[in-house]
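Student: Here it is: the structure, laid out below.
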Amino acid sequence: MGGYISQSLGRKRGLILAAMLFLLSALGSAMPEKLNFMGLATISSFIFYRVLGGIGVGLASMLSPMYIAEIAPAHMRGKLVSWNQFAIIFGMVVVYFVNYFIARGQEATWINATGWRWMFGSETIPATLFLLLLFFVPESPRFLVLKQQESKALSLLERINLTRAEKVLKDIKISLVEKKAPWLSFGGLLIVVGILLSVFQQFVGINVVLYYAGDIFRSMGAENDSSLLQTIIVGLVNLVFTIVAIFTVDRFGRRPLMIIGAVVMGFSMLALGLSFFAGKMGILSLIFMLCYTAAFAMSWGPVTWVLLSEIFPNSIKGAMSIAVASMWVSNLIISWTFPMMNESSVLTRLFNHGFSYWIYGLMGFLAAWFVMKLVPETKGKTLEEIEETWK
């Protein structure tokens, strides 16, 4: 849906729609029986509002990096799109603490009856802020040109970068000669590169670490409290090294970060799998997981979003939705299959929980090879100059 909405409603109004969905989802998830306007069973009402939130996430995850890339000057575009990933990771860390303080010192009966409502309801605070602040941001200059509002686009470009505004506007107009170009206008390779960037970002196993960190640490022998603490440590490492990416992506380029990050992730996952296989879990296993998280956070975490926001030409910008949809499908596959592999009696007997990590390690090396062979460097180029690469 994001591709169509970005081209029809626009980037800004698409994000406003996402913010409204977040707000509705938060309220409906916290009070599914009170906001049950369709007369559904309470659990069905709850699921309905969760689905609304999922649609909001899908729209925002595509439109946010697209909008930032389209409004950012070329020399700092990588840094600004990376802040989007930082905000996501920062939000995760904040939520760890929000849920911790909501549940702290409370009986399990209160958490099961009321606490979870506060956890979902707390979403209304960032959702409301997001919605209100969006009214103060301008529309993307690329979308304004698409809708024949060239004077507004020029005025905005002059505010962003006065010396290059005329040239950038001219390049945008040339790139939008055909406003509704077929998605394969620049060949199938571009679409394949976008999809594989998204698939590899998930297939290296990051969301296994983020979703199942507590389970993984408990399988290493950690107690409940220490596994929660180690989960917070993983979140903080993710946050710190995302900041490293922000300050290096425009200096070193996209390709070096992606290749080095993938190789380090590959070795870290192989080593983690080996520690499980050998039954030598402990501080070393934690170090391997933190090395893996750090490598992801300064490469495939933020830089994938940077590349996805850059590589799709203006006339087929909606095709980015295919790549983002592939990312969420890959996320589903990874989060679905990890418990199957990790709890399989056959695989546990043969590999002692190490098998899945070796799969993710192999994906890391394949991801490095893919970037070396097929992904172009985009550092310092305008979006229109990147488009020339595909031509």
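The values are calculated or read from the model by the stated rules, or taken from the named source; none is laboratory data. None of the values given here were measured: they were computed from a predicted structure. Note: ideal-geometry Cβ built from the backbone for every residue, glycine included; neighbour counts use all protein chains shown. Protein only, heavy atoms only, side chains kept; ligands, DNA and RNA dropped before computing areas. Shrake-Rupley method; radii C 1.70, N 1.55, O 1.52, S 1.80 Å.
Student: Could you check how many residues of the stretch 56-71 are touching a Gly at 6+ places or on another chain (Cβ under 9 Å), closer than 21 Å to L169 by Cα and open to solvent by 10 Å² or more (accessible area, probe 1.4 Å)?
Tutor: Matching residues across the stretch 56-71 total 1.
Student: Anything in the stretch 6-30 that is farther than 30 Å from I43 by Cα and hydrophobic (A, V, I, L, M, F, W, C)? List them, or say none.
Tutor: Start the filter on the stretch 6-30 by keeping residues that are farther than 30 Å from I43 by Cα, which leaves 6-13.
Within the stretch 6-30, L9 is the sole residue that qualifies.
Student: Still on this structure, I have one more. Consider V95 against the criteria (1) crowded, with 16+ Cβ neighbours inside 10 Å; (2) more than 12 Å from P302 (Cβ to Cβ): it satisfies all of them except one. Which criterion is unmet?
Tutor: (1)
Student: Checking V81 against (1) farther than 19 Å from I16 by Cβ; (2) surrounded by fewer than 23 Cβ atoms within 10 Å (Cβ to Cβ), which single condition isn't satisfied?
Tutor: The number of the failed condition is (2).
Student: Just name the residue that is surrounded by the fewest Cβ atoms within 10 Å (Cβ to Cβ) out of those in the stretch 342-381 that are closer than 23 Å to V249 by Cβ and β-branched (V, I, T).
Tutor: It comes out as V375.
Student: How many residues are open to solvent by 10 Å² or more (accessible area, probe 1.4 Å) and touching a Gly at 6+ places or on another chain (Cβ under 9 Å) when one looks only at the stretch 297-314?
Tutor: Of the residues in the stretch 297-314, 1 are open to solvent by 10 Å² or more (accessible area, probe 1.4 Å) and touching a Gly at 6+ places or on another chain (Cβ under 9 Å).
Student: Scan the helices (runs of 4 or more DSSP H) fully inside the stretch 1-73 and keep the ones with 3 or more residues being over 30 Å from R164 (Cβ atoms). Break it down into steps so the answer makes sense when it comes.
Tutor: Working: elements: 2-8, 11-30, 42-71.
Answer list for the stretch 1-73: 11-30, 42-71.
Student: Filter the helices (runs of 4 or more DSSP H) completely within the stretch 99-165 down to those with at least 3 residues that are under 18 Å from L15 (Cβ atoms) and open to solvent by 80 Å² or more (accessible area, probe 1.4 Å). Talk me through it step by step, then tell me what you get.
Tutor: Numbers: elements: 116-121, 124-134, 141-146, 150-160.
Output list reads 124-134.
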